[in-house]
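Have a look at the structure below before the remarks.
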Amino acid sequence: MRRRKKKQNKKYRPARYAPTPVLGAADRHVVSRFSYGTTPELVREVQAAGGGVAWFEEQLTTAYADPAADARIGDWWPDLHLDAPTLWKRQEDEVRAVWEVMADYSRRLLVRRTISPHQVLERMTEFFEAHLHVPVNGDKQGIWRASYGDVIRRHALGRFDEMLVEAITHPSMLLFLDQAVSTKKAPNENLGRELLELHTVGVGNHTEGDVKASARILTGYRVDVWRSWAATYRSEDHWTGPVQVGDFSDPNTDPDGRDLVRRYLVHLAHRPETAQRLARKLAVKFVRDDPPQALVDRLARTYLQHDTAIVPVLRELVRSVEFKGSRGVKLRDPSEDLVATYRALGTTLKAPQRIEDAANAMLWQSTVIGLAPMTWPRPDGQPLDNQPWATPARALASMDIHWSLAGGWWPKTGVDYQQPTDWVPELPMQFAPLVDHLSRHILGRPSTRGILKAACTAVSVKPTEQITADHPLMRWHFNRLLGSFLDNPLHYGR
């Protein structure tokens, strides 16, 4: 047995194709957590910046450098620019339903994540859109949902207190959690409750009395539902009288409660419980499912010391020993898997002209794997931990999509795939160095015995076999070879 194992190890000893650069493990770890997958272009960016942390700093400082250019990225669905009354009239006239426009919104998220050079901004926009979650599936909130995403994006690397004020009073949030129809005679508690339970201090840190007071504070913000969809503030609907939520209190005598709401939300954003909640969620998303409390405490302290600014917290996280020690413990969720696959394969997306084009089909592919962006139906946002995505059904669904893309079978239009000759750096060449080149390109690291053995098995080629232009691998089986990398557990992780 030992002799056979030794023979196998020798047979599948990986070769090296040094001209294809890779990042060191530490740099790759930073990029893996804060991008949607390495590409040759990203590797060059990181090397030019001077390493993973230096690249991360560049991403932070340049994220908002050119808002107009950023707004043009993936701006391929014109209906996302229509105002609320127009969207609703088009639905009533059966021109196009709101849910179809919201499908465009999810598609644009996927495209942005795939092609945007601002990978850290995309990451943090996704994180806070999930934290202050407003699902795209629903006519009411869908009417205003695109502009809500712009609000989150604008603040994703800014200050949380400012983000919270704009998000909670945005028409899409008001519509989703019924604040848009809340009055002083009948305050609706949905938004006031979720604000405390999900968006700020968390469960166990407030009372039912706090919920009632929270709902009363928020009264006055209205949306003319099912008619003009105009968002207004109506002083006659604002509940007046003393209010207290935890250690926040106010006589609340002014019928115009907007300043009260602002002060209330800023207060909640600065609560230590909110700092702990945000710090833990960031650590779960970017470090590990069970982050040490010491890390959470440091992140929370940094958040409060910097007046709820998000960037200092991220800097603390990336430089922590806990982050550095967390390689290989996070699993990609369905949309992360899909986007990483498009990036790994070096595809070029085009503005869609037909419904079956790639930029449109990405939505359905993400759904096949498990979940399309921002379609989680509950207000708590999609899970951040691994467990929901670590199922046999998800693995099989991912393999199905991996093989469709590796073969260029779905989608067929609106995208340019690399051809076998594009993947091979030189011909003829031995199979083992070719596998190493592909491993560096697709998985961002040199090949191993396991990777080489899987590749040999997938296409029935020996490591020392010479690959030529008319080899069966190049003519018929290259999709199988690509699939062996995409189905590798390393591609499922981030």
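Which ones in segment 91-117 are in a helix (DSSP H, G or I) and free of Cβ contacts under 8 Å to residues at least 40 places away in the same chain?
From segment 91-117, those in a helix (DSSP H, G or I) are 91-92, 98-115; that's our starting set.
Residues satisfying the conditions are Glu92, Glu100, Asp104, Arg108, Arg112.
Return yes when Leu60 is surrounded by fewer than 23 Cβ atoms within 10 Å (Cβ to Cβ), at pLDDT 95 or above, of a type in the set (A, V, I, L, M) and more than 29 Å from Glu197 (Cα to Cα) and no when it is not.
Working: surrounded by fewer than 23 Cβ atoms within 10 Å (Cβ to Cβ): yes; at pLDDT 95 or above: yes; of a type in the set (A, V, I, L, M): yes; more than 29 Å from Glu197 (Cα to Cα): yes.
In short, yes.
When segment 295-319 is examined, which residues are found to be part of a helix (DSSP H, G or I) and among the basic types (Lys, Arg)? Give the derivation first.
We begin by selecting, within segment 295-319, every residue part of a helix (DSSP H, G or I); these are 295-305, 310-318.
Within segment 295-319, Arg298, Arg301, Arg315 qualify.
Here is a list: Ala279, Ala215. Which entry is under 21 Å from Asn188 (Cβ atoms), touching a Leu at 6+ places or on another chain (Cβ under 8 Å) and assigned to a helix (DSSP H, G or I)? Show your work before the answer.
Values: Ala279 fails: under 21 Å from Asn188 (Cβ atoms).
Matching residue, one of Ala279, Ala215: Ala215.
Name the single residue that is nearest to Ala25 (Cα to Cα) among those in segment 437-459 being of a type outside the set (A, V, I, L, M) and surrounded by fewer than 20 Cβ atoms within 10 Å (Cβ to Cβ). If you could, list the steps in order and put the result at the bottom.
Here is the first cut: in segment 437-459, the ones of a type outside the set (A, V, I, L, M) are 437, 439-441, 444-450, 453, 456-457.
Filter again for surrounded by fewer than 20 Cβ atoms within 10 Å (Cβ to Cβ), leaving 445-446, 448-450, 453, 457.
Numbers: Arg445: 8, Pro446: 11, Thr448: 14, Arg449: 18, Gly450: 18, Lys453: 22, Thr457: 27 Å.
Once the filter is applied, the top-ranked residue is Arg445.
Could you count how many residues in segment 260-301 are basic (Lys, Arg) and more than 21 Å from Leu218 (Cβ to Cβ)? Don't jump to the end; show me each part of the working.
Pass one, segment 260-301, residues basic (Lys, Arg): 262-263, 271, 277, 280-281, 285, 288, 298, 301.
If we keep only those that are more than 21 Å from Leu218 (Cβ to Cβ) too, we end up with 280-281, 285, 288, 298, 301.
Total satisfying the criteria: 6.
What single numbered condition from (1) farther than 25 Å from Arg28 by Cβ; (2) open to solvent by 10 Å² or more (accessible area, probe 1.4 Å); (3) part of a loop (DSSP other than H, G, I, E, B) fails to hold for Asn252?
Unmet condition: (2).
Among the residues of segment 226-239, which ones are buried (at least 18 other Cβ atoms within 10 Å of the Cβ) and in a loop (DSSP other than H, G, I, E, B)? Steps first, answer last, please.
Applying the first criterion (buried (at least 18 other Cβ atoms within 10 Å of the Cβ)) to segment 226-239 yields 229, 231, 237-239.
Matches in segment 226-239: Trp229, His238, Trp239.
Restricting the search to segment 167-221, which residues are of a type in the set (Asp, Glu) and touching a strand residue (DSSP E or B) at 6+ places or on another chain (Cβ under 7 Å)? Before you say what the answer is, go through the steps one by one.
In the first step, residues of segment 167-221 are kept if they are of a type in the set (Asp, Glu); the result is 178, 189, 194, 197, 208, 210.
Scanning segment 167-221 gives a single hit, Asp210.
Can you name the residue in segment 118-164 that is of a type in the set (Asp, Glu) and buried (at least 21 other Cβ atoms within 10 Å of the Cβ) and, of all such residues, is nearest to Val223 (Cα to Cα)? Walk me through how you get there before you give the answer.
Here is the first cut: in segment 118-164, the residues of a type in the set (Asp, Glu) are 122, 126, 129, 139, 150, 161-162.
From the residues that got through so far, the ones that are buried (at least 21 other Cβ atoms within 10 Å of the Cβ) too are 122, 126, 129.
Details: Glu122: 30, Glu126: 26, Glu129: 21 Å.
Result: Glu129.
Output the residue which, of all residues in segment 282-294 that are within 23 Å of the chain's Cα centre (by Cα) and not in a loop (DSSP other than H, G, I, E, B), is farthest from His206 (Cα to Cα). Don't jump to the end; show me each part of the working.
At the first step, the residues of segment 282-294 found to be within 23 Å of the chain's Cα centre (by Cα) are 282-291.
Checking which are not in a loop (DSSP other than H, G, I, E, B) leaves us with 282-286.
Values: Leu282: 22, Ala283: 23, Val284: 23, Lys285: 25, Phe286: 28 Å.
Checking each candidate, the answer is Phe286.
Looking only at residues in segment 34-57 that are within 16 Å of Ile442 (Cα to Cα) and touching a helix residue (DSSP H, G or I) at 6+ places or on another chain (Cβ under 7 Å), which one is surrounded by the most Cβ atoms within 10 Å (Cβ to Cβ)? Can you show your working first?
First, pick out the residues of segment 34-57 that are within 16 Å of Ile442 (Cα to Cα): 35-44.
Subsequent filtering for residues that are touching a helix residue (DSSP H, G or I) at 6+ places or on another chain (Cβ under 7 Å) retains 35-40, 42.
Details: Ser35: 26, Tyr36: 28, Gly37: 25, Thr38: 24, Thr39: 21, Pro40: 14, Leu42: 19.
Within segment 34-57, the match that is surrounded by the most Cβ atoms within 10 Å (Cβ to Cβ) is Tyr36.
List every residue pair whose Cβ atoms lie under 6 Å apart, where the two residues are 6 or more positions apart in sequence or sit on different chains, the first residue falls within segment 7-29 and is within 16 Å of Asp436 (Cβ to Cβ), and the second residue, located anywhere, is assigned to a loop (DSSP other than H, G, I, E, B) and modelled with pLDDT under 95.
Hits for this filter: zero, empty list.
I'd like to verify a number: residues in segment 188-199 that are within 17 Å of Tyr264 (Cα to Cα) and outside any helix (DSSP H, G or I), how many?
Number of matching residues: 1.
Would you confirm, using the coordinates I've provided, whether Leu265 is open to solvent by less than 40 Å² (accessible area, probe 1.4 Å), touching a residue at least 24 places away in the same chain (Cβ under 8 Å), part of a helix (DSSP H, G or I) and more than 18 Å from Thr183 (Cβ to Cβ)?
Details: open to solvent by less than 40 Å² (accessible area, probe 1.4 Å): yes; touching a residue at least 24 places away in the same chain (Cβ under 8 Å): yes; part of a helix (DSSP H, G or I): yes; more than 18 Å from Thr183 (Cβ to Cβ): yes.
For Leu265, the condition - open to solvent by less than 40 Å² (accessible area, probe 1.4 Å), touching a residue at least 24 places away in the same chain (Cβ under 8 Å), part of a helix (DSSP H, G or I) and more than 18 Å from Thr183 (Cβ to Cβ) - is met.
Is it true that Gln387 is over 30 Å from Asp289 (Cβ atoms) and either open to solvent by 20 Å² or more (accessible area, probe 1.4 Å) or at pLDDT 95 or above (or both)? If you could, list the steps in order and put the result at the bottom.
Working: over 30 Å from Asp289 (Cβ atoms): no; either open to solvent by 20 Å² or more (accessible area, probe 1.4 Å) or at pLDDT 95 or above (or both): yes.
Spelling it out, it is not the case that Gln387 is over 30 Å from Asp289 (Cβ atoms) and either open to solvent by 20 Å² or more (accessible area, probe 1.4 Å) or at pLDDT 95 or above (or both).
Identify all residues within segment 88-106 that are open to solvent by 10 Å² or more (accessible area, probe 1.4 Å) and either of a type outside the set (A, V, I, L, M, F, W, C) or closer than 21 Å to Ser335 by Cβ (or both); write none if there are none. Spell out how you get there, then give the answer.
Our first condition is that a residue be open to solvent by 10 Å² or more (accessible area, probe 1.4 Å); within segment 88-106, this holds for 88-97, 99-100, 103, 105.
Of everything in segment 88-106, those that are open to solvent by 10 Å² or more (accessible area, probe 1.4 Å) and either of a type outside the set (A, V, I, L, M, F, W, C) or closer than 21 Å to Ser335 by Cβ (or both) turn out to be Lys89, Arg90, Gln91, Glu92, Asp93, Glu94, Arg96, Trp99, Glu100, Ala103, Tyr105.
Among the residues of segment 118-138, is there at least one that is out of contact with any helix residue (DSSP H, G or I) (no Cβ under 8 Å at 6 or more places or on another chain), farther than 30 Å from Val201 by Cβ and in a loop (DSSP other than H, G, I, E, B)?
No; the residues of segment 118-138 include none that is out of contact with any helix residue (DSSP H, G or I) (no Cβ under 8 Å at 6 or more places or on another chain), farther than 30 Å from Val201 by Cβ and in a loop (DSSP other than H, G, I, E, B).
Looking at Gly450 and the list (1) in contact with a Cys (Cβ under 9 Å, 6 or more places away or on another chain); (2) part of a helix (DSSP H, G or I), which single condition is not satisfied?
(1)
Hey, can you tell me all the residues within segment 286-303 that are over 25 Å from Leu109 (Cα atoms) and surrounded by fewer than 17 Cβ atoms within 10 Å (Cβ to Cβ)? I'd like the intermediate steps shown before the answer.
Of all residues in segment 286-303, those over 25 Å from Leu109 (Cα atoms) come to 290-303.
Hits for segment 286-303 are Asp290, Pro292, Gln293, Ala294, Asp297, Arg301.
What helices (runs of 4 or more DSSP H), lying completely within segment 351-434, carry at least 1 residues that are in contact with a Ser or Thr (Cβ under 6 Å, 6 or more places away or on another chain) and in the same structural domain as Arg13 (by the TED database)? Step through it out loud before you land on a result.
Numbers: elements: 358-369, 392-406, 420-423.
Once the helices (runs of 4 or more DSSP H) in segment 351-434 are filtered for at least 1 residues that are in contact with a Ser or Thr (Cβ under 6 Å, 6 or more places away or on another chain) and in the same structural domain as Arg13 (by the TED database), what remains is 358-369, 392-406.
The values are calculated or read from the model by the stated rules, or taken from the named source; none is laboratory data. Since this is a predicted model, take the numbers as computed values, not measurements. Ideal geometry is used to build each Cβ from the backbone, glycine not excepted, and the neighbour counts take in all protein chains shown. These accessible areas exclude ligands, DNA and RNA; they are computed on the full protein's heavy atoms, side chains included. Shrake-Rupley method; radii C 1.70, N 1.55, O 1.52, S 1.80 Å.
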